Amino acid sequence: MLEERGFTVMTAVDGLEGVETFREHADEILLVLLDMTMPRMSGEEAFKIMHELRPDTPIVLCSGYTAQEASSRFAEQN
């Protein structure tokens, strides 16, 4: 859907690859979509690293958890 709207989409198979891709292309990335549960590095961990690298980049965390569970999990990491 994003590509149909003219955006270039970069994908990663896990959190670690996502962070590596972000480091390589941080100046090109307009938005990050992260799953909270990913192999090798969780969405929470990836968020922290990406946010430290470029705090102005919007990051959306997606989850199968309820809003309360997701907020609680993320708050515990801060």
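The table for this structure:
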| item | result |
| --- | --- |
| Förster radius 22 Å - calculated FRET efficiency between D56 and D35, Cβ distance, rounded to 0.05 | 0.50 |
| Local net charge near H25, Cβ-Cβ under 14 Å (Lys/Arg +1, Asp/Glu -1) | -3 |
| Around D14: net Lys/Arg minus Asp/Glu count, Cβ-Cβ under 13 Å | -3 |
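No value in this document is a laboratory result; all are computed from the given coordinates. Values in this document were obtained by computation on a predicted structure and should not be read as measured data. A quick note on method: Cβ atoms are made from the backbone with ideal geometry, for glycine too, and the neighbour counts reach across all protein chains shown.
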